[in-house]
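To keep things clear, I will list the structure first and then write my remarks on it.
The values are calculated or read from the model by the stated rules, or taken from the named source; none is laboratory data. As the structure is a prediction and not an experimental result, all values here were calculated from the model. Neighbour counts are summed over all protein chains in view; Cβ atoms, including those assigned to glycine, are modelled from backbone coordinates with ideal geometry.
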Amino acid sequence: MGRSKKKISAEHTSRLARIELPPSQIPVVQSELESLLDFVGRIEQLDLDSVEPFFGIAIDANPMRTDRQETSCDRTDTLRNAPQTDGESFLVPPVFGKQES
Amino acid sequence: MSVKATIIVGLEVHVQLATETKLFCGCATAFGASPNTQTCPVCIGAPGALPVLNRKALKLAIKTGLALNCEIEPNTHWDRKNYFYPDLPKGYQISQFDRPICRKGYLDLIDPQSVSSGRRVNIERAHLEEDAGKSSHDETMQGGPTKIDFNRAGTPLLEIVTQPDLRSGHEAKTFLNELKLILSSLKVSDCNMQEGSLRVDANVNLSLATQEGNQATPIVEIKNLNSFRSVERAIEFEAERQLQQWNKDGMTIDQAPKQTRGWDDSKGHTVLQRIKEDSADYRYFPDPDLVVIRTTQADIESIQAEIKSLPAERRQILMSRYLLPAYDADVLVNQGDTFVDFFETVADQVKDGKLVSNWLQQELLRHLNATQTDIQACPVNANQFVDFLTHIQTNQLDSSRAKDVFEQMMSDSVSVEQAMKSLGIENLDSEELTAICQRVLDENPEIIAQILKGNTKAIGNLIGKTKSLNKNVSPSQAREQILKMLPKH
Ligand SMILES: [Zn+2]
């Protein structure tokens, strides 16, 4: 099952990742992304139909925790690095602007 | 133009699992705490913090999956769903994409009063994920800052996704009622919609049988559904709106993208919120901070063993063992497990399921609803209720006074004897009854004449008169006695 050959768009990807990309940089990043994908894509030359997908080496380890409460952080510490707070909540620029009611 | 429109509905239900702590850290999940007091480096997404799975959340997810007849994924893993929003501190949500813990289940609709009963709704998947934080927007709409509280961030959710198998708002409501009963019975969630423990989104469109063949309208995802009743209303509204829209522009599912619309319960309509992003835009990929979780057949069997009778089975038992009609069984089971337990305890002793069911439905439920009391806190326990019904069965308590006695028992939390005593109800001995009947017969020769002429209804007058002489007279016993004493032709 081959990966779809849909071309990656540097512009679209940068927008999704909220990374500002000057127009002059777009062709550069575009070609870098393509060569990265080509490199990874080499695996498709192999016949892997009978191979189970691999998600990690720690199979059977099942590290889990017991559902027991631990002490949370002091709120002052939680909020310490926030650009803006009211002492209880993080404050962020309005998600809905004035116009869009 | 007239076309036959069929409503196609699929549901996405987010269930907050009943754990003490979050999915990947030890912060409490209790509702209503002061903002940002239940947070730590893991759930606020501090760099370097590592998530560790909560064993109970996984177990509750598997339990739900088994109750919904799902296959359990032996090697489940975690994916990052990437998007930017202020209440998502890491910039991604830990979720499950291609190997959800539960897949391919089903739930049969049960509604004795509807043709939908017995229809099967397929469950596509149920996966675990962490909740986002809570944003509070400036209510004055003056452009003030949005407040973010991360207490909810990282709370375990099970997202249950159905196939588009539902065909009306009513069916969706029936499905949700049954699902909620199951979740409550399994103690998987408190299912409190007001506190957001149960959130429902509905995907709705129409299949239209036209002269040019079958067509479908664009899919709309409805959000802001805060009660099962809203789900029902929103689906019915949306079906009507889509039909009108289709008559106007004829746009089909291939010509317009999926929309998200919000339900406004007070106005009774849906409002366009946004055009849905393509799911590939979330750029899911396996979370490298978490490993595969392996679930063995033995794990599954031990969880399965903890599941006792589910609501569907309890209805069957009420019908077969206690001989209740389907309607009664449904009403009782819809009250939850404790209520059914109460019924079974009483009915096992009273040996008349229908009598017990009638009293539970008509009087007990009415009283509990009126006083907003839960069956757990019922002022009359099962033994007292048995005693009460036995008094009726053996004529120690006349059915004409039974409701008063029951009310007294409920309001004062007392036994049937105490209630009868405080209402001044005593059983007359047969001598006393005979004397009262004799007096009434002596004083009312004209009524006797009517009865003898064939107006048998007039006997009710005599019974009434015995009762006004002594309110403890049992009408049925008085009738019997009067009939015995009436002069023969
Ligand atoms: Zn935490």
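Quick look at the numbers
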| item | result |
| --- | --- |
| Output for the range B:140-155, where each listed residue is under 11 Å from residue B:88 (Cα atoms) and more than 8 Å from chain A (Cβ to nearest Cβ) | B:152, B:153, B:154 |
| Every pair of residues 6+ apart whose Cβ atoms lie under 6 Å, when the first sits in the range B:348-370 and is assigned by TED's automatic domain parsing to the domain that holds residue B:329 and under 10 Å from residue B:322 (Cα atoms) while the second is of a type outside the set (A, V, I, L, M) and at pLDDT 90 or above | B:353/B:322; B:357/B:328 |
| Qualifying residue in the range A:19-42 (condition: within 9 Å of another protein chain (Cβ to nearest Cβ), touching an Asp or Glu at 6+ places or on another chain (Cβ under 7 Å) and farther than 30 Å from residue B:142 by Cβ) | no |
| Where residue B:124 falls short, out of the listed (1) more than 12 Å from every other protein chain (Cβ to nearest Cβ); (2) among the charged types (D, E, K, R); (3) within 16 Å of the ligand (Cβ to nearest atom) | (3) |
| Residue in the range B:291-307 that is in a helix (DSSP H, G or I), closer than 30 Å to residue B:194 by Cβ and at pLDDT below 90 present | no |
| Elements of type helices (runs of 4 or more DSSP H) in the range B:352-441, at least 3 residues being of a type in the set (Asp, Glu) | B:399-412 |
| Exclusive hit being over 27 Å from the mean Cα position of the chain (by Cα), within 16 Å of the ligand (Cβ to nearest atom) and at pLDDT below 95, set B:87, B:98 | B:87 |
| Any chance residue B:81 is more than 16 Å from the ligand (Cβ to nearest atom), crowded, with 17+ Cβ neighbours inside 10 Å and within 32 Å of the chain's Cα centre (by Cα) | yes |
| Residue among B:52, B:15 that is surrounded by fewer than 21 Cβ atoms within 10 Å (Cβ to Cβ) and of a type in the set (Val, Ile, Thr) | B:52 |
| Residue satisfying all of: in the range A:58-68; at pLDDT 85 or above and surrounded by 15 or more Cβ atoms within 10 Å (Cβ to Cβ); farthest from the ligand (Cβ to nearest atom) among these | A:64 |
| Search result, residues across the range B:134-173 that are touching a His at 6+ places or on another chain (Cβ under 9 Å) and within 16 Å of the ligand (Cβ to nearest atom) | B:157 |
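Residue-wise test of (1) within 23 Å of the chain's Cα centre (by Cα); (2) surrounded by 15 or more Cβ atoms within 10 Å (Cβ to Cβ); (3) in the same structural domain as residue B:167 (by TED's automatic domain parsing); (4) hydrophobic (A, V, I, L, M, F, W, C).
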{"site": "B:224", "(1), (2), (3), (4)": "yes, yes, yes, no"}
{"site": "B:238", "(1), (2), (3), (4)": "no, yes, yes, no"}
{"site": "B:242", "(1), (2), (3), (4)": "no, yes, yes, no"}
{"site": "B:255", "(1), (2), (3), (4)": "no, no, yes, no"}
{"site": "B:261", "(1), (2), (3), (4)": "no, yes, yes, no"}
{"site": "B:267", "(1), (2), (3), (4)": "no, no, yes, no"}
{"site": "B:272", "(1), (2), (3), (4)": "no, no, yes, yes"}
